[in-house]
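Attaching a single structure in structure tokens format; questions to follow.
The values are calculated or read from the model by the stated rules, or taken from the named source; none is laboratory data. Note that this is a predicted model, so its numbers are computed, not measured. Using ideal geometry, Cβ is built from the backbone for each residue, glycine included, and neighbour counts are taken over all protein chains shown.
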Amino acid sequence: MLSAAVRHAARSVRHCSSYVKQTRFLFELKENDETCRQALKSGSFYLFHNLSPLVGKSGSSFYAPAVSGPDLLQVLRSCGEERINLEDSVLVGCTNSSIAQFALDLGSFEKSAIEEKFTGKFTDLRKAALQIDGEDGSLICKAQSLLRWHDCHQYCSKSGEPTQKNVSGSKRVCHSNGIIYYPQISPVVITLLSSGNRCLLAHQEHFPAGMYTALAGFCEIGEMLEETVRREVAEEVGLVVDTIRYSGSQHWPFPTSSLMLACQATVKDDKLEINRAEIEDARWFTLEEVIEALQVKMMPSKLPDGTLPVWLPPKFAIAHQLIQEWVQEQKALQS
């Protein structure tokens, strides 16, 4: 009988082999138009209508239906729609069994027929991201970002001529001058600031009432991650950062497409000088206050005294993960 260590090693090898196989397959699809064109015939499609994804429901769970190419074309033809081409889609991934996954926006096509046929509803992405957990949620966020990028980059910024998408959607080319455009993301730092046993949370004017979160800001050209953290903290709350620790990252599709770079940071001096042009409010919260805020549901009702309780970003947001990480570290220090 194989030992536990051998069985674990075998599973790890299979996992690595599967990952490499998928990665190489996706690379081939991105680089070879004909290979990708063939994959469209057997691939599955996540559907959008004016950048809103199709969302289905099974019991109390929500998901993004993956529709086969032939089924989609059949429905479109039965509705008299011949303008939509599967090559207008973008590649977003592939399954473990090497089935290519695409996303297609149906644009102005009458959406009710699709909703009825595939038992779903086209839903604003912010709401859909709250409803859908796991891989489906990540895929539709990636898909919408790619679809939006292509919609906004149909012309060359130098020549003004139309650009052409390759089949997979991994790039656009201006054939008048050979310039290649690749989908871009904007790096953003999001920093949970702490001082002793308290952390700093802020509220911006455009946030929903009562919601507080970590400080965040776009990286400027020429800045390193640490420089952006220090600058944003100084700009927004007038504090000097002492230590910085990278925590993780997350693709964030709102409002377009950002890469959130999450950090934990500390300060020695905790006297706030809030920049009201940047944020509406910022406060130091104790561990107990943060734990209480984590229990509050999104968009809470007013309390009996007419005030709103403080509530925090949803679980799928990396800001929530940063706050949870700080809570766990504080609990460990107290134990």
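Going by the structure shown, is Met298 in the same structural domain as Glu325 (by TED's automatic domain parsing), at pLDDT 95 or above and under 21 Å from Trp311 (Cα atoms)?
In short, no.
So, one more: Of these, Ile279, Ile244, which one is under 25 Å from Leu130 (Cα atoms) and aliphatic (A, V, I, L, M)?
So the residue among Ile279, Ile244 that is under 25 Å from Leu130 (Cα atoms) and aliphatic (A, V, I, L, M) is Ile279.
Just to be sure before I move on: is Glu161 exposed (fewer than 14 other Cβ atoms within 10 Å of the Cβ), charged (D, E, K, R) and modelled with pLDDT of 95 or more in the structure I sent?
yes
Next question, about the same structure. Which one of Ser176, Ser159 is in a loop (DSSP other than H, G, I, E, B) and either at positive phi or out of contact with any Asp or Glu (no Cβ under 7 Å at 6 or more places or on another chain) (or both)?
On inspection, the qualifying residue turns out to be Ser159.
Let me ask you something else. Is at least one residue of region 33-50 assigned to a helix (DSSP H, G or I), in contact with a strand residue (DSSP E or B) (Cβ under 6 Å, 6 or more places away or on another chain) and at pLDDT 95 or above?
Yes, region 33-50 contains a residue that is assigned to a helix (DSSP H, G or I), in contact with a strand residue (DSSP E or B) (Cβ under 6 Å, 6 or more places away or on another chain) and at pLDDT 95 or above.
When you scan region 87-100, do you find a residue that is at pLDDT 85 or above, surrounded by fewer than 15 Cβ atoms within 10 Å (Cβ to Cβ) and within 25 Å of Arg172 (Cβ to Cβ), even just one?
Taking every residue of region 87-100 in turn, none turns out to be at pLDDT 85 or above, surrounded by fewer than 15 Cβ atoms within 10 Å (Cβ to Cβ) and within 25 Å of Arg172 (Cβ to Cβ).
From (1) touching a strand residue (DSSP E or B) at 6+ places or on another chain (Cβ under 8 Å); (2) without any contact (Cβ under 8 Å) to a residue 60 or more places away in the chain, pick out the condition that doesn't hold for Val188.
If we test Val188 against (1) touching a strand residue (DSSP E or B) at 6+ places or on another chain (Cβ under 8 Å); (2) without any contact (Cβ under 8 Å) to a residue 60 or more places away in the chain, just (2) comes out false.
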